[in-house]
Every structure is written in C-alpha cells, then in structure tokens.
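Worksheet: one structure, shown below.
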Amino acid sequence: RDGEIDRLHIQGAAFEFDAGVMLDRIGVGPGWRCLDLGCGPAGIVELLSVRAGPAGRVVGLDADPVFLEHARARARDRGLGNVEFVQADAYRTGLPRGSFDLVHVRFVAGTVGRPDDLLAEAMAVACPGGVVALQEPDISTLKCYPPHPAWDCLTQVLEQAFVCVGADVRLAQRLYQLARHAGLQDVQYRPFLVGFRAGDPMAGYLPATVESVRSTMIRHALIDEGELDAVVAACRGHLADPDTVFTSITVAQVWGRRPRAAC
C-alpha cells in the first residue's frame, strides 16, 4: 500500500541502534558472508555491508519485487558495492546450503508464522559454526501514556489480525526457547524496548501499522471499516498531543551458532 515503504524505513531507523549492538556482540566483521532474510525495502543490509567490508558479501532476500526494486536503488545510491538482492521465499530460499557466516531474520516469523520452518531454513543456509540471529516482537508492551481507548482498540484489533493469519506477535516471549530447541548452540538473549514522544518520526507507528494490515482486519470482520477510520483518526489525534508518549513493542534479539557437526 502507499506509505508502507516509508513506514518500514521509519521503523528500521528506530531500531537501528539496537540492531547494531547485536551485530557488534556477534562480532560481524570484514569478510563475513551475511544474509538478511525477509529484508523488505532495506532491512539491516546497510549495517551488515559496513561491517562485512569490501571483502565481504551481503545478500538481502525478500519475496516482494517492489520492496527489492527500492532496496536495489537505495543500495546503489549509497554505494553499497558488496550488497545484492534476491527475490525468493524466506521459507524456501533455494540458496546454497551452508553458505553464510550470518543469517539474520527480523519480524518475519512473528508476523507471517511457522517459526520452526523459518528457523530450519535459516540454519540450513548458515555454514557450520555460522550464526543465526533472530529479532521478533512482543506486542504486550505497546502502550501509550496517558492511556486512550482508541489506542487500546487498535492494539487489540492489530493482534487479532495476526492471529487470524496464524502469526504470533508475542513470539519474543518464547524465541529463546525456540532457538535452543532447534539445535542452535551458545544461544544469547537480548531484549530491548524503546519509547517515543509526539513529534518523533515513530509517533504514527501504531496507526500506520494498523493500516498495513487493514485488508486483513476487514476480511476477517474484526472491525467495521467506518469504525476503523474513526478509531485511527482518534488515535492519531491523541498521538499528536505533545503530552503523549508511548512504549514500543519489545524486540527480543536471540542468536546462536549452527553446530559444526551438522555439516
């Protein structure tokens, strides 16, 4: 939809610092071969490109050709010569097995579903001893202050929309366990939470995210379209109040290594 690429760029910028912290703790460095699964119009390919350097290689993979066209143009404009993009299904990439030092996935399993299948594919394309890194949400911390009924309505309907398509936007709560049970070794856990004020680029995060899944909400009769318009407008008005602040989803960062014996 119109505005979706902008929404994802704003979200990516808001979470960029913490994504960088995770990559630095992993130790991503010159010469690394990195894959960003479900990268959308940007993902974290630029963060990976800078760390991998000219000797490294970064692949951004997504199923959406519009996102990828935008991502390629952005990479060219920014001179990211070690980056390439592939159109494919994140759950069935078709990429060579055991070929990446780092495989990263953000907000795919939680919003699309089938986390076990996605993690299995990520581990398969990681090299033995390579790192698989996941970032997934927990919507339970998406709260505004002072409270407002329009905000509460949108958060409830948003979560229901993902449930209707088999997704789990509280996946962060069990992500560490999921990674351990999948067989990753030396699994690490780093959750983070950020907050925003009226006037910040992320101030319209909730209404914009709701609009991104509007068709799902209407198709599953979660809310009447006229009511949705009214609630979105009320929420935007509350978020424009200079006294309003909100906390984001909690993002759980979990990473571990593919066993070397798996080769």
Scanning the stretch 127-154 residue by residue, the ones that are polar (S, T, N, Q) and outside any helix (DSSP H, G or I) total 1
Mind checking which pairs have a first residue in the stretch 21-38 that is on the phi > 0 side of the Ramachandran plot and a second that is assigned to a loop (DSSP other than H, G, I, E, B) and open to solvent by less than 40 Å² (accessible area, probe 1.4 Å), Cβ under 8 Å, 6 or more apart or different chains? GLY31/GLY53; GLY31/GLY56; GLY38/ALA90; GLY38/PHE107; GLY38/VAL108
Only one of THR111, THR141 is on the phi < 0 side of the Ramachandran plot and open to solvent by less than 40 Å² (accessible area, probe 1.4 Å); which? THR141
Look at the stretch 92-105 and say how many of its residues are open to solvent by 30 Å² or more (accessible area, probe 1.4 Å) and within 18 Å of GLY27 (Cα to Cα). 1
As an exercise: evaluate LEU35 against (1) within 15 Å of the chain's Cα centre (by Cα); (2) in a helix (DSSP H, G or I) and give the number of the one condition it does not meet. (2)
For the subset of the stretch 58-77 comprising residues that are within 26 Å of ALA126 (Cβ to Cβ) and of a type outside the set (A, V, I, L, M), which member is surrounded by the fewest Cβ atoms within 10 Å (Cβ to Cβ)? PRO65
Subset of the stretch 114-126 that is of a type in the set (Gly, Ala, Ser), assigned to a helix (DSSP H, G or I) and open to solvent by less than 30 Å² (accessible area, probe 1.4 Å) - its residue that is nearest to LEU178 (Cα to Cα): ALA122
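Using the structure shown, decide if VAL108 is over 14 Å from the mean Cα position of the chain (by Cα) and modelled with pLDDT of 95 or more.
Details: over 14 Å from the mean Cα position of the chain (by Cα): no; modelled with pLDDT of 95 or more: yes.
The answer is no for VAL108.
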Are there any pairs with C-beta distances below 6 angstrom linking a residue in the stretch 232-261 that is more than 23 Å from PHE107 (Cα to Cα) to a residue that is outside any loop (DSSP other than H, G, I, E, B) and polar (S, T, N, Q), with the two at least 6 apart or on different chains, and if so which? PRO259/GLN185
Taking the stretch 233-263 and the residues there that are aliphatic (A, V, I, L, M) and assigned to a helix (DSSP H, G or I), the one that is nearest to the chain's Cα centre (by Cα) would be LEU239
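Only one residue in GLY81, GLY94, GLY60, GLY43 is in a loop (DSSP other than H, G, I, E, B) and either of a type in the set (Asp, Glu) or touching a strand residue (DSSP E or B) at 6+ places or on another chain (Cβ under 6 Å) (or both). Which one?
Details: GLY81 fails: either of a type in the set (Asp, Glu) or touching a strand residue (DSSP E or B) at 6+ places or on another chain (Cβ under 6 Å) (or both); GLY94 fails: either of a type in the set (Asp, Glu) or touching a strand residue (DSSP E or B) at 6+ places or on another chain (Cβ under 6 Å) (or both); GLY60 fails: in a loop (DSSP other than H, G, I, E, B).
Of GLY81, GLY94, GLY60, GLY43, the one residue that is in a loop (DSSP other than H, G, I, E, B) and either of a type in the set (Asp, Glu) or touching a strand residue (DSSP E or B) at 6+ places or on another chain (Cβ under 6 Å) (or both) is GLY43.
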Quick one: would you say GLU84 is surrounded by fewer than 19 Cβ atoms within 10 Å (Cβ to Cβ) and in contact (Cβ under 8 Å) with a residue 60 or more places away in the chain? no
Taking the stretch 144-172, which residues are open to solvent by 30 Å² or more (accessible area, probe 1.4 Å) and under 21 Å from MET22 (Cα atoms)? ARG170
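The values are calculated or read from the model by the stated rules, or taken from the named source; none is laboratory data. Remember, it's a predicted structure, so these values are computed and weren't measured experimentally. Cβ coordinates were reconstructed from backbone atoms using ideal geometry, including for glycine residues, and neighbour counts include every protein chain displayed. Heavy atoms of the whole protein, side chains included, go into the accessibility calculation; ligands, DNA and RNA do not. Shrake-Rupley method; radii C 1.70, N 1.55, O 1.52, S 1.80 Å.
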